[in-house]
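To start, the structure itself, in structure tokens.
The values are calculated or read from the model by the stated rules, or taken from the named source; none is laboratory data. The structure displayed is predicted, hence computed values, not measured ones. Neighbour counts are summed over all protein chains in view; Cβ atoms, including those assigned to glycine, are modelled from backbone coordinates with ideal geometry. When the accessible area is computed, the model is the full protein with side chains, heavy atoms only, and any ligands, DNA or RNA have been set aside. Shrake-Rupley method; radii C 1.70, N 1.55, O 1.52, S 1.80 Å.
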Amino acid sequence: MSLVPLTIRRAGPSDAAALSALKLAAFRETFLDGFAIPYPPADLARFEAESYGVATVAGELADPRHASWVAQAADGRLVAYAHAGPCKLPHPEASAQQGELYQLYALNAAQGQGVGRALMDAALEWLAQAYPGPVWLGVWSGNARAQAVYARRGFAKVGEYGFQVGDWTDAEFILRRE
């Protein structure tokens with residue numbers, strides 16, 4: 001199903017509830033439905049509340065060190081997003097003065113329409129201005145498709161770390177683009 005035309009725009013405070021719902025839906029589509037990761041229910045519930053709750057998303061949108069972009073369908077639904085800010089990855093060469101692409105997700109129905117590319121372009125352009133220097137990101141070690149997309153955009157693997165989903169630990173790769 002094509003959702004074109006989609007509008008790519010910077011998210012603002014009034015988007016907090018809709019963006020929160022989108023983040024939760026995209027995470028579930030990707031990791032629960034798509035990759036079928038068997039997160040323990042209590043760990044999943046804690047992670048989702050802490051990471052995708054409306055208050056968390058509102059705080060990100062209000063923080064001038066962060067920026068989010070959304071893809072909005074003609075009917076007003078948000079179907080994809082990107083979120084960036086200061087680097088917080090555990091790598092000896094990384095610092096908060098450098099930028100990180102935290103998240104880039106599109107709902108399944110929005111994939112294959114160039115929305116991910118447009119969102120990544122917006123995030124990388126903002127990061128180049130806000131945090132000159134290398135750009136970092138973390139990607140789940142089992143997501144070969146995302147890793148290939150990032151490699152095509154000049155990102156290379158420079159490390160690994162454990163990403164916490166409650167007490168569950170996902171093996172993640174650290175990627176960097178100079």
For the stretch 47-71, the count of residues that are closer than 27 Å to Ala148 by Cβ and in contact (Cβ under 8 Å) with a residue 40 or more places away in the chain equals 6
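Every residue, every condition in (1) at pLDDT 95 or above; (2) more than 21 Å from Ile8 (Cα to Cα), yes or no:
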{"site": "Val115", "(1), (2)": "no, no"}
{"site": "Ala123", "(1), (2)": "yes, no"}
{"site": "Leu127", "(1), (2)": "yes, no"}
{"site": "Tyr131", "(1), (2)": "yes, yes"}
{"site": "Gly154", "(1), (2)": "yes, yes"}
{"site": "Val158", "(1), (2)": "yes, yes"}
Taking the stretch 133-142 and keeping residues under 19 Å from Ala36 (Cβ atoms) and either modelled with pLDDT under 95 or touching a Leu at 6+ places or on another chain (Cβ under 9 Å) (or both) leaves Val139
Residue that is open to solvent by 50 Å² or more (accessible area, probe 1.4 Å), at pLDDT 95 or above and on the phi < 0 side of the Ramachandran plot, where the choices are Arg177, Arg145:
Arg177
Going through the stretch 1-24 one residue at a time, which ones are in a helix (DSSP H, G or I) and either open to solvent by less than 40 Å² (accessible area, probe 1.4 Å) or touching a Lys or Arg at 6+ places or on another chain (Cβ under 9 Å) (or both)?
Asp15, Ala16, Ala18, Leu19, Ser20, Leu22, Lys23
Residue under question is Phe35, and the condition is that it be open to solvent by 20 Å² or more (accessible area, probe 1.4 Å) and either touching a Pro at 6+ places or on another chain (Cβ under 8 Å) or within 24 Å of Asn143 (Cβ to Cβ) (or both); does it hold?
yes
Please verify whether the stretch 73-86 includes one or more residues that are within 12 Å of Leu24 (Cα to Cα), of a type in the set (A, V, I, L, M, F, W, C), under 14 Å from the mean Cα position of the chain (by Cα) and part of a helix (DSSP H, G or I).
no
Just a yes or no: is a residue in the stretch 57-70 open to solvent by less than 20 Å² (accessible area, probe 1.4 Å) and over 20 Å from Val115 (Cβ atoms)?
no
Which residues, taken from the stretch 117-131, are of a type outside the set (Phe, Trp, Tyr) and open to solvent by less than 30 Å² (accessible area, probe 1.4 Å)?
Leu119, Met120, Ala122, Ala123, Leu124, Leu127
Read through the list (1) exposed (fewer than 14 other Cβ atoms within 10 Å of the Cβ); (2) touching a Pro at 6+ places or on another chain (Cβ under 8 Å); (3) at pLDDT 95 or above, then give the number of the only condition that Pro92 fails.
(2)
Meets criteria (of a type in the set (Ser, Thr, Tyr) and in contact with a strand residue (DSSP E or B) (Cβ under 6 Å, 6 or more places away or on another chain)) for Tyr52:
no
